[in-house]
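Read the figures in this text as sums done on the coordinates, not as results from a lab. Because the structure is predicted, anything quoted here is derived from the model rather than measured. Cβ placement follows ideal geometry from the backbone for every residue including glycine, while neighbour counts extend to all protein chains displayed.
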Amino acid sequence: MMKRLVAALGIAAAAAMAPAQAQEPVRIGLIGPFSGPFADYGKQIEGGMKAWLKQNGDTYAGRKIEILVRDTTGPAPEVAKRLAQELVVRDKVDFLAGFGLTPEALAVAPVATQAKTPMVIMNAATSVITTRSPYAVRFSMTLPQNSAPMGTWAIKNGIKRVYTLVADYGPGIDSETWFSKFFKDAGGEIIDSVRVPLKNPEFAPFIQRIKDAKPEAVFVFLPPGEHTIAFMKGFQERGLKEAGIKVIATGDLTDDHLLDSMGDPVLGIITTFHYSVAHDSPENKAFLKAFAEANPSGGRPNFMAVGGYDGMRAITEVVKSLNGKLDADKAMELFKQMKFESPRGPISIDPATRDIVQNIYARKVERRDGHLYNVEFDKFPNFKDPAK
Ligand code: PHB
């Protein structure tokens with residue numbers, strides 16, 4: 001206790017003696033899973049944030065950007081909430097950021113409201129999250145936004161009978177609901193729907209049931225990692241492709257970071273999504289270069305890295321616009337007006353919902369130069385979250 005007090009006084013004395021022009025850093029509390037089954041989520045988000053700082057510098061309006069990384073080990077909403085409380089009370093962060101998983105973002109939203117701290121969401125994608133705090137803004141995506149276009153695409157491409165399989169939590173339920181709504185409204189039939197648990201999923205029985213039901217396609221939302229790998233393995237082993245069943249999905253299933261290691265079973269899969277490494281634009285090339293430089297052993301970035309990169313860009317633009325004098329309400333007004341060219345294409349924030357508006361692309365997994373890519377072939381321009 002005494003030691004801590006002395007240390008704290010020491011820091012205060014040092015701060016008092018610091019030259020007048022040395023400004024406090026801008027502190028960003030980055031919350032996400034950095035260990036456990038979803039460790040890649042935290043790493044991708046942080047990697048994207050670092051890529052922006054590598055490309056554009058780490059000091060804005062004289063204030064250096066400091067990222068305080070906090071591992072939830074999640075999904076662990078209680079841990080996320082406690083970490084957020086510590087970050088706002090003890091570390092006095094100016095922004096909360098990150099959020100790989102919906103349950104963790106939902107647990108932190110009331111903390112952001114109470115502390116009046118902007119909460120910049122870089123992945124978590126259940127539609128409702130941004131309604132839970134006036135200080136939340138999202139630079140990633142929502143599942144209704146990415147799933148509804150697949151309902152439209154499937155009907156236009158002659159698919160009429162679909163089985164849905166999703167992870168049994170917010171994003172899965174959102175994608176089941178909004179894929180099915182657009183698909184059925186256009187004349188499609190959902191023959192059955194299953195939801196698999198987020199923790200310790202077991203796919204074999206579900207996959208057999210799907211095979212027996214003989215749909216034309218199975219629509220899938222699963223969070224990238226053990227779920228997507230296990231699903232594709234089961235799909236392959238039980239011969240669903242040979243039985244003539246197609247896979248249609250949101251791009252979470254064919255996540256760029258894992259795609260190459262998933263191999264032949266994913267070739268030809270059609271997904272709808274907001275980002276592909278194969279997106280052809282100067283902004284994406286610059287992002288890929290900066291990501292590789294900032295994360296030498298980071299592998300291929302995915303959509304979560306882009307969420308981190310764009311969210312970091314948005315924060316640095318706020319710091320610049322406010323000339324370093326941060327104010328949460330002014331920051332939120334600036335976030336609501338944002339519009340820029342992302343590595344994924346043009347994006348903007350809808351001021352009414354603080355949620356992202358962006359192109360959703362139809363893509364197909366193809367092999368090019370020995371590597372697998374989600375190759376974009378069509379788009380749904382400036383597509384808003386249909387759930388709001
Ligand atoms: C989420 O928990 O909100 C989530 C996780 C992984 C995804 C998408 C959404 O790919």
When the dipole is taken about the Cα centre of the stretch 120-210, and only Lys, Arg (+1) and Asp, Glu (-1) are charged at their Cβ, what size is it in debye, to the nearest 20? 120
Counting other Cβ atoms within 10 Å, keep those with at most 14, restrict to DSSP loop, and tell me which trypsin sites (Lys or Arg not before Pro) in the stretch 323-374 are left. Lys325
Set of the stretch 175-199 residues, backbone N closer than 17 Å to the point 7 Å along the Cα-Cβ line of Lys156: 179-188
With a point put 7 Å past each Cα toward its Cβ, work out how far Gln55 is from Lys233 in nm, to one decimal. 3.5
Straight distance only, please: which aspartates and glutamates reach the Cα of Lys156 with their own Cα at less than 18 Å, same-chain residues fewer than 8 apart left out? Asp185, Glu189, Glu216, Glu376, Asp378
Multiply the residue gap between Arg367 and Glu66 by 0.36 nm, knock off their C-alpha separation, and tell me the result in nm, one decimal place. 104.4 nm
3J(HN,Hα) from dihedral phi, the stretch 283-294, Karplus parametrisation 6.51/-1.76/1.60, rounded to Hz, x for glycine, proline: 5, 5, 4, 5, 5, 4, 5, 5, 5, 5, 5, 7
Of Leu165, Leu68, Leu143, the most mobile residue in a GNM of the chain (C-alpha springs, cutoff 10 Å) is Leu68
Anything over 25 Å Cα to Cα? Flag those among Lys320/Lys384; Lys92/Lys320; Lys64/Lys388, in the order listed. Lys320/Lys384; Lys64/Lys388
For an R0 of 41 angstrom, estimate the FRET efficiency from the Cβ-Cβ distance between Ala243 and Val128 and round to the nearest 0.05. 0.65
State which entries of Lys211/Lys379; Lys160/Lys241; Lys199/Lys233 exceed 21 angstrom in Cα-Cα distance in the structure shown. Lys211/Lys379
Could you pull the Rg and Dmax for the chain, using just the Cα atoms, both in Å? 21.4, 74
What is the helix-to-structure angle for 204-213, meaning the angle in degrees between its Cα long axis and the longest Cα principal axis of the chain, kept from 0 to 90 and rounded to the nearest 10? 40
Determine the gain in length on full extension of the stretch Lys320-Ala186; use 0.36 nm per residue of separation and subtract their C-alpha separation, reporting nm with one decimal. 43.6 nm
Report the calculated FRET efficiency for Lys336 and Ala292 (r = Cβ-Cβ distance, R0 = 35 Å), to the nearest 0.05. 0.60
Nearest-ten-degree value, helix 226-237 long axis tilted from longest Cα axis of the chain: 20
Give me the distance in nm between label points sitting 7 Å out from Cα along the Cα-to-Cβ direction at Lys214 and Glu24, one decimal. 6.8
